[in-house]
């Protein structure tokens, strides 16, 4: 689509804007598999947030923007007593969900974490439910399915990371569309809102990569989903949109930020992404390393008593694994460590575990960790890369083998796809429930824990529950 750069005549909206708006507003989701998976996704996403509330680095950013800026009867933040305006509540929920890098993920030409969108969806649903527009949890699940789909389909062939933009751009776009629909926006208002989401451009990925890796990667999605709520509210107030936000020559997103390439929508929106989403069940680790961690855990019993005799460790991974998380040199903070494949292999080799506290200084300063990192060789396995991109496989393969100074070696342990993959869904569901229940028990008192567990045990009853009642069971007293 092109437009005469000299002409002030406003063109028809870009096809991608129309497709996103029409899907968010009008598509009926008929897949019970999608709803079942969304139920587990809601459970898992909240579990990640509850775990994050133990970390002061996360909680210091939460709450009202300034002391006293609360909103009685506003949107509530699960696991806390905060009642806030929906924009700030979306940030709070989004930040706690994402903080530990433990929520679901989607790997394609672009990757990301579609459950990041729950920040905006749940904040707005709770706010609406408390101010005269009652919604059910089923409608939250529908919003999740649609946000997953918008983010995931846009990620299939559009690689924003290749031009240096962070994937939270897609959180902002997806959340804007879904939230505007929840708010009761018209088709025109949704198009306007989504156009503004694209015009915002994108955050730079530098906070995910050496030498600048840092904690912004843990709150960037909260920032994106909260920005989406603001843009959606503006649109419903009548704020204008920009029909060629993507395609405008010289000034549109494609020319300015995407090297002139058109935004591709390779398949119609439906429920594909939610049905195939990848859960992080066992380890809070960047997803390209999940199977490497699993392989290292398998090797732990055989190497734990021979750590000082290791000559080298060979890690075979996919091309994205090399490009994103192959990292040498000092690791200065937890965000640095959970995006370093060498670190994520060293910890399970040493200790037979990898949990969120293992990224903190107390564990990282054990001299054996960096000693192991120093003898690791990370290389691409072309077969892993091929299977990673194959639509019928979508594997995330890794292999780990340990070689000792006496010339012997461990087994070469290869894992093609992690337990959170759809191909291992039956194996993964009970572990998702266990992860959730452990997170709830660690945060809430005994009586409230049992209430929450019972609430999630009945999928049909939960789906029919009013959102206001649902969130009420997830908050804490002052």
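Just so you know, all these numbers are worked out from the coordinates, no wet-lab data involved. The structure presented is a predicted model; accordingly, all values stated were derived computationally and were not measured. We place every Cβ from the backbone using ideal geometry, glycine too, and count neighbours over all the protein chains shown.
Tabulated data for the structure shown
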read-out	value
Peptide ranges 113-119, 462-468 listed from the most packed, as the mean C-beta count within 10 angstrom indicates	113-119, 462-468
Simple spin-label estimate for residue 478 and residue 377 in nanometres, 7 Å along Cα-Cβ	6.3 nm
Range of Cα positions in region 190-335 per principal axis (Å), largest first	67, 34, 27
Calculated [θ] (222 nm, deg cm²/dmol) that DSSP helices of n ≥ 4 give over the chain, each run adding -39,500 (n - 2.57)	-15500 deg cm²/dmol
Full-extension gain in nm, residue 133 to residue 429, via 0.36 nm per residue minus C-alpha separation	103.3 nm
Percent antiparallel among DSSP beta bridges (both partners in the chain, rounded to 5)	75 percent
Alpha-carbon radius of gyration plus Dmax, which is the widest Cα pair, for the chain in Å	22.3, 76
Tilt relative to the chain, helix 137-157 - C-alpha long axis, 0 to 90 degrees, to 10	70 degrees
Residues 102, 403, sorted so that the one with the fewest Cβ neighbours within 10 Å comes first	403, 102
Rounded to 10°, Cα long-axis angle of helix 187-199 versus longest principal axis of the chain	40 degrees
Protection proxy ranking of 157-168, 234-245 - average other beta-carbon atoms within 10 Å, highest first	157-168, 234-245
Pair residue 264, residue 409: separation of 7 Å Cα→Cβ label points (nm)	3.7 nm
Principal-axis tilt of helix 425-443 within the chain, Cα atoms, nearest 10 degrees	80 degrees
